[in-house]
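*Asks:* Below is a structure I'd like to ask you about.
The values are calculated or read from the model by the stated rules, or taken from the named source; none is laboratory data. Everything numeric in this text was worked out from a predicted model, so none of it was measured. Virtual Cβ from ideal backbone geometry, glycine too; neighbours counted across all protein chains shown. All accessible areas refer to the heavy atoms of the entire protein, side chains included, with ligands and DNA or RNA removed. Shrake-Rupley method; radii C 1.70, N 1.55, O 1.52, S 1.80 Å.
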Amino acid sequence: MNVSVHYQIRGHSGNQIATSIESGIQSGRLHGGERLPTVRALAARLRVSPTTVAAAYNALRVRGLVHGSGRRGTVVNRRPPLLTHAVFPPPAPGLRNLADGGPDPALLPPLRPYLARLDGIPGKYGDAENRPALVELAARQFKSDGIAAESIAVVSGALDAVERVLQAHIRPGDVVAVEDPSYTGVLDLVAALALVTEPVKIDDSGPLAADLNRALKLGAKALIVTPRAQNPSGAALDRKRAAELRHVLAGFPEVVLIEDDHAGPVAGAPAITLSGGRERWATVRSVSKSLGPDLRVSVMAGDATTVARVQGRQSLGPRWVSHILQDLVAAMWADPQTPALLERAAVTYAERRRALIEALAQYGIEARGRSGLNVWVAVAEEAAVVNAMAAKGWAIRAGESYRIKSAAGIRVTISTLKSDDAGGFAADLAESIRPRSRAQSA
Ligand SMILES: Cc1ncc(COP(=O)(O)O)c(C=O)c1O
């Protein structure tokens, strides 16, 4: 986007200029992706020295409100750490929501029986931060997946863990290697922490080893990987790729490895880890997709130092994850009926992915979705396809906010798309990708 001209930045000191820009972002008059004037241009207009403007831009950069500098320009972050307008407003009423990336509520275990089982004794200051029963169950799961579980933290979801691990090890301006395309939440968080992303190419089996090697050689200090249910592509590591990636990572022992297993047992692919033998690592498993996003609970295994830093910092702010929520998750995990429910969800999502991919293939449309809750379709014009699909009653997501350098596409959340509806969706998408008038005149 072009240099912002519709918002008048004001101020004579670095502080005033930074405040003026912040208030433009906060009020929605400066949008994510918008380019700010160059340091020189703004300095000339405000009649201040370039050093003053540079200081203002730097303050905003460190606070995660803008990124970039120099010839590439200073650009407003898409989702700065400020209360602004919603980046992804909910779909218009009446549209089938295949946009939100969440689980099918009908496939989550019902909460009520577990709520009824809570003992009702209020927790208090001084209780152990983590419920031993939850940690014990988490440790058992991690161990059975070949993940070391000597140190475990309980935090508030996968993204919370990613943020806490990054803050434990990484400083503003550091480079972090991320999959491309990647989950917007991760990209926005990394930008808000004033970190610089280095995209790593992926295919259906996850990051490409050679490209990871290139990114790490550039000096990336951390790597964020989604071992399965990659969002938006559905990629999942297989044993061969994992061995290649471990080999590359072995050449960079100081790199912090963060594994975001946000979908866990409903991903529809085995748990594979790159963490074995690493110095600094964390594998976070969230219950958001398997038990429900509103629980805001995840468990994180990691090396002792990383876990100690994460828990230590957490204990100074939020203190702990509510014991009510920890007890609920522990009760759900301990219930002998839960594994069958989770397996049913995993199988249903796999059927829905397959039904959509096959239905699209009937129209010659190639789609990806090896695991997880989303299917990715390469399209040339994302916004046009999203708009055309909205006109036909479907809400889907443009790939733009997931991509760094990778090719355009759309993300379709399949979690509630029953196999019977896949044909209708595919027919509509085929028309939206190749509008009839254009196809006829071609
Ligand atoms: C890759 C990825 N990580 C993290 C999250 C968010 O997980 P949580 O709700 O546990 O923070 C999502 C949500 O869709 C995701 O796709």
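*Asks:* Which of (1) within 15 Å of the ligand (Cβ to nearest atom); (2) in contact with an Asp or Glu (Cβ under 9 Å, 6 or more places away or on another chain) is the odd one out, the single condition L237 does not satisfy?
*Replies:* Answer for L237: the failing condition is (2).
*Asks:* Moving on. Of all residues in region 112-140, which are within 16 Å of the ligand (Cβ to nearest atom) and more than 19 Å from A267 (Cβ to Cβ)?
*Replies:* Scanning region 112-140 gives a single hit, L134.
*Asks:* Something else: Considering each residue of region 324-347, count those that are small (G, A, S) and either free of Cβ contacts under 8 Å to residues at least 12 places away in the same chain or open to solvent by 80 Å² or more (accessible area, probe 1.4 Å) (or both), and give that number.
*Replies:* Final tally of qualifying residues: 1.
*Asks:* OK, next. Give the residue, chosen from S144, S156, that is open to solvent by 20 Å² or more (accessible area, probe 1.4 Å), more than 16 Å from the ligand (Cβ to nearest atom) and small (G, A, S).
*Replies:* Every option except S144 fails the conditions.
*Asks:* Now a separate question. Given the residues A380, A407, A398, which is the only one that is crowded, with 17+ Cβ neighbours inside 10 Å and within 18 Å of S233 (Cα to Cα)?
*Replies:* Selected residue: A398, the only one of A380, A407, A398 that is crowded, with 17+ Cβ neighbours inside 10 Å and within 18 Å of S233 (Cα to Cα).
*Asks:* From the list V321, V299, V310, pick out the single residue that is assigned to a strand (DSSP E or B), open to solvent by less than 50 Å² (accessible area, probe 1.4 Å) and within 16 Å of the ligand (Cβ to nearest atom).
*Replies:* Answer to the check: V299.
*Asks:* So L291 fits all but one of (1) buried (at least 22 other Cβ atoms within 10 Å of the Cβ); (2) hydrophobic (A, V, I, L, M, F, W, C); (3) out of contact with any strand residue (DSSP E or B) (no Cβ under 8 Å at 6 or more places or on another chain); (4) free of Cβ contacts under 8 Å to residues at least 40 places away in the same chain; what number is the exception?
*Replies:* Evaluating L291 over (1) buried (at least 22 other Cβ atoms within 10 Å of the Cβ); (2) hydrophobic (A, V, I, L, M, F, W, C); (3) out of contact with any strand residue (DSSP E or B) (no Cβ under 8 Å at 6 or more places or on another chain); (4) free of Cβ contacts under 8 Å to residues at least 40 places away in the same chain leaves (4) as the failure.
*Asks:* Select from region 70-95 the residues that are outside any loop (DSSP other than H, G, I, E, B) and out of contact with any helix residue (DSSP H, G or I) (no Cβ under 8 Å at 6 or more places or on another chain) and write down the one among them that is nearest to the ligand (Cβ to nearest atom).
*Replies:* Residue satisfying both the conditions and the ranking: V75.
*Asks:* Can you name every residue in region 354-377 that is under 18 Å from L108 (Cβ atoms) and not polar (S, T, N, Q)?
*Replies:* Scanning region 354-377 gives G372, L373.
*Asks:* Then there's this: Starting from residues that are in contact with a Ser or Thr (Cβ under 8 Å, 6 or more places away or on another chain) and of a type in the set (D, E), keep the ones in region 159-187 and report whichever is nearest to the ligand (Cβ to nearest atom).
*Replies:* Per the stated criteria, the residue is D160.
*Asks:* What number of residues within region 45-69 are open to solvent by 70 Å² or more (accessible area, probe 1.4 Å) and of a type outside the set (A, V, I, L, M, F, W, C)?
*Replies:* Of the residues in region 45-69, 6 are open to solvent by 70 Å² or more (accessible area, probe 1.4 Å) and of a type outside the set (A, V, I, L, M, F, W, C).
*Asks:* If I ask for residues that are of a type in the set (A, V, I, L, M), over 12 Å from T226 (Cβ atoms) and within 16 Å of the ligand (Cβ to nearest atom), which ones from region 245-270 would you list?
*Replies:* L257, V266
*Asks:* If I filter region 285-296 down to residues being at negative phi and part of a loop (DSSP other than H, G, I, E, B), which single residue comes out as nearest to the ligand (Cβ to nearest atom)?
*Replies:* Among those residues, the one meeting the criterion is S288.
*Asks:* Then there's this: Of all residues being closer than 15 Å to A334 by Cβ and touching a helix residue (DSSP H, G or I) at 6+ places or on another chain (Cβ under 7 Å) in region 116-141, which is least open to solvent (accessible area, probe 1.4 Å)? Just the residue, please.
*Replies:* Within region 116-141, the match that is least open to solvent (accessible area, probe 1.4 Å) is L134.
*Asks:* Could you please find all residues in region 161-177 being assigned to a strand (DSSP E or B) and either touching a Lys or Arg at 6+ places or on another chain (Cβ under 6 Å) or over 19 Å from G302 (Cβ atoms) (or both)?
*Replies:* V175, the sole residue that qualifies.
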